[in-house]
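Undergrad: Attaching a single structure in structure tokens format; questions to follow.
The values are calculated or read from the model by the stated rules, or taken from the named source; none is laboratory data. None of the values given here were measured: they were computed from a predicted structure. Don't worry about glycine lacking a Cβ; one is built from the backbone with ideal geometry, like all the others, and counts go over all protein chains shown. The protein model used for the area step is the full one, side chains on, heavy atoms only, and it has no ligands, DNA or RNA in it. Shrake-Rupley method; radii C 1.70, N 1.55, O 1.52, S 1.80 Å.
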Amino acid sequence: METVTSSSVGTAVATRIACQDPATLESLGSVAVMGEEEVRAVVVRARKLQPDWGRTSFAERRAVLREVLDEVVANQEDICRLAVRDSGKTMVDAALGEIFPVCEKLRYVIANGEKDLRPEPRASGFLMHKKAWVEYAPLGVVGVIAPWNFPFHNIFCPTVPALFAGNAVVVKVSEHTSWSAEPLVDIFRRVLARRGHNPDLVQFVTGYGATGAALVRSGVDKIFFTGSPENGAKVMKTASENLTPVVLELGGKDPMIICDDADLNHAASQAMLGVFTACGQMCVGAERIYVFDGVYDAFLQEVTKRVTALRQGPPLEGTVDVGAMTMPTQLDILDRLVADAVAKGARVVTGGKRRAGLKGQFFEPTILADVTHEMDITQKEQFGPIMVVMRVAGEDEAVAKANDCPYGLGSSVFSKDTARAEKIARRVRAGMSVVNDYGLAYMIQALPFGGVGTSGFGKINGKEGLRACCNEKAMVSDRVRLSNGVAVYPIRQATFGVAKNVIEVIYARGLGNKLKAAVGAARNIVSVARAK
Ligand code: NAD
């Protein structure tokens, strides 16, 4: 990705972004950098179309999503190929990390969306003559700002619930994976048009951070931002200008705790998946592996055997296990983190450097052993194919180290004693914890997904994610219509007494106190009535 032209015409910046395949460095063409006015025009168009869509039935929205799911299943190989060319991951990475979760999200929303967004009765408390409920109304136009690691998933994951909740959606795709955006967004647009809706209910914009900031300022009703903590803070600041609400899905540095009674073979398989899927470029990558002293050497031996056998190269030129790094700058970050760790005593068991002899952006599958918390790699997101292995004495040290990190997204614990693993998992400060598996909290779409600390706030997935796309509107109406309402004005001398007595009737302890208050209330009400 590099800038190919640059000139300004009024507020519309005529710069284009060159797109390239990170595994071969082959040029894929270019996309426009959209300026403030262009972004605003897209949002205005979305706003015009949204009310009609917001009035459609859940059955119709379900039918749209069912057709989207059909298209995804039928075209999964083409979609994977687009994601592979744009991001450098392997076809299997794309199938497991892009297609599978999106299909599961669509299935979840189709099956449960109406139930999750159906008006929900709430207790009306002492106001027994009233009924109360929550309605989940569309927000209007939802803005999505996406990162580069999963070009297909990052567009679809937030768009599916937002659309189902009755919103129009505008997605700002990443400048590093803009090439695939048009054919991917087109899946929604094709289906919408086929079912008689305006395809512009789902639109995308391209550009750098400034285009994202323009979307935040454009008057959208909510922003779902996925990206780095630094840019999340900038988005929040910009959003504060218009008091636009934001959901921030930021980075992660997920701990994986492997106890001395874990099934080591299974734990090693899950560690491989957590570290090397998409070349480690995942917010929920297993970036810190804490292994109990008693099984540390055996675990290291097992993963070393597996990692040294990994094949790496351009994913579309032969069968490989590990692909390329999407961004060239990511290679510099990995170089720096490895150098810092080695200088402070870490051991490179295998890998540890850029792969020589390949044209694209490749970093060797790496194991760093004997890592300690004095090293940057335990605190800063690496987003790369480096398995970071640390020795711990037992549960308390594992939990203390797992929690010694500003991020708090996912986590996992491995032990044959499930109750023990759950107890440890409960102590880990994270948005999600999985026992005896890696990453499954995301595949269970009924669960909310989101982090704590530097990993952000707000939820996607589950009913929480669907409801986050709504105005959760409180409704109150008559259960029994009383002919005379409570008339407080004009205030009389005894009015305060009435209020005080009523509060005591409802909240005071003991029947005696309540009866005494009721008598006082009756007396004060008579006094107020006489004063009229
Ligand atoms: P990034 O923050 O550089 O960019 C994300 C998006 O924000 C891009 O589209 C970018 O153009 C836009 N942007 C940049 N500056 C902006 C600004 N000031 N205002 C508005 N928009 C702006 O992130 P990235 O490098 O593309 O992605 C990697 C990061 O994303 C990592 O930290 C990773 O952990 C995180 N991530 C988190 C999740 C999650 O669900 N928690 C998922 C995937 C990635």
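Undergrad: Among the residues that make up the range 338-360, is at least one of them buried (at least 23 other Cβ atoms within 10 Å of the Cβ) and either part of a strand (DSSP E or B) or within 16 Å of the ligand (Cβ to nearest atom) (or both)?
TA: Among the residues of the range 338-360, not one is buried (at least 23 other Cβ atoms within 10 Å of the Cβ) and either part of a strand (DSSP E or B) or within 16 Å of the ligand (Cβ to nearest atom) (or both), which makes the answer no.
Undergrad: Looking at the range 277-304 only, could you name the residues that are open to solvent by 10 Å² or more (accessible area, probe 1.4 Å) and not hydroxyl-bearing (S, T, Y)?
TA: M282, C283, V284, D293, G294, V295, D297, A298, L300, Q301, E302 - these are the residues of the range 277-304 that are open to solvent by 10 Å² or more (accessible area, probe 1.4 Å) and not hydroxyl-bearing (S, T, Y).
Undergrad: Now for a different question. I need every pair where a residue in the range 204-227 that is of a type in the set (A, V, I, L, M) has its Cβ under 6 Å from the Cβ of a residue that is part of a strand (DSSP E or B), sequence separation at least 6 or different chains.
TA: Filtered contacts from the range 204-227: V205/K172; L215/G143; L215/K172; V216/I223; V220/V141; V220/G143; I223/G143; I223/V246.
Undergrad: While we're looking at this one, here's another question. Among V452, V476, which is more than 13 Å from the ligand (Cβ to nearest atom), in contact with a strand residue (DSSP E or B) (Cβ under 7 Å, 6 or more places away or on another chain), in contact (Cβ under 8 Å) with a residue 12 or more places away in the chain and aliphatic (A, V, I, L, M)?
TA: V476
Undergrad: Something else now. Please indicate, with yes or no, whether at least one residue in the range 375-385 is part of a helix (DSSP H, G or I), open to solvent by 10 Å² or more (accessible area, probe 1.4 Å), touching an Asp or Glu at 6+ places or on another chain (Cβ under 6 Å) and at negative phi.
TA: yes
Undergrad: Can I ask one more? Assigned to a strand (DSSP E or B) and aromatic (F, W, Y) - does that describe any residue in the range 445-454?
TA: Looking for residues that are assigned to a strand (DSSP E or B) and aromatic (F, W, Y), one finds at least one in the range 445-454, hence yes.
Undergrad: If you don't mind, another one. Just to be sure before I move on: is V134 more than 16 Å from N461 (Cβ to Cβ), of a type in the set (V, I, T) and not in a helix (DSSP H, G or I) in the structure I sent?
TA: Here the answer is yes, as V134 does meet what is asked.
Undergrad: Going through L163, L127 one at a time, which residue ends up being within 17 Å of the chain's Cα centre (by Cα) and more than 15 Å from the ligand (Cβ to nearest atom)?
TA: Unique residue meeting the criteria: L163.
Undergrad: Then there's this: Collect the residues in the range 168-212 that are assigned to a helix (DSSP H, G or I), open to solvent by less than 10 Å² (accessible area, probe 1.4 Å) and either more than 16 Å from the ligand (Cβ to nearest atom) or of a type in the set (F, W, Y) (or both), keeping them in residue-number order.
TA: Hits for the range 168-212 are I187, F188, V191, L192, L201.
Undergrad: Quick check on my filter: what residues within the range 234-244 are more than 9 Å from the ligand (Cβ to nearest atom) and open to solvent by 20 Å² or more (accessible area, probe 1.4 Å)?
TA: Scanning the range 234-244 gives M236, S240, E241, N242, L243.
Undergrad: Which is within 24 Å of V452 (Cα to Cα), assigned to a loop (DSSP other than H, G, I, E, B) and within 15 Å of the ligand (Cβ to nearest atom), of V220, V275, V247, V284?
TA: So the residue among V220, V275, V247, V284 that is within 24 Å of V452 (Cα to Cα), assigned to a loop (DSSP other than H, G, I, E, B) and within 15 Å of the ligand (Cβ to nearest atom) is V284.
Undergrad: Looking only at the range 403-440, count how many residues are in a helix (DSSP H, G or I) and within 16 Å of the ligand (Cβ to nearest atom).
TA: Within the range 403-440, residues that are in a helix (DSSP H, G or I) and within 16 Å of the ligand (Cβ to nearest atom) number 1.
Undergrad: If C259 satisfies every condition in (1) in the same structural domain as G351 (by TED's automatic domain parsing); (2) of a type outside the set (K, R); (3) surrounded by fewer than 23 Cβ atoms within 10 Å (Cβ to Cβ) but one, which is the exception?
TA: Among (1) in the same structural domain as G351 (by TED's automatic domain parsing); (2) of a type outside the set (K, R); (3) surrounded by fewer than 23 Cβ atoms within 10 Å (Cβ to Cβ), C259 violates only (3).
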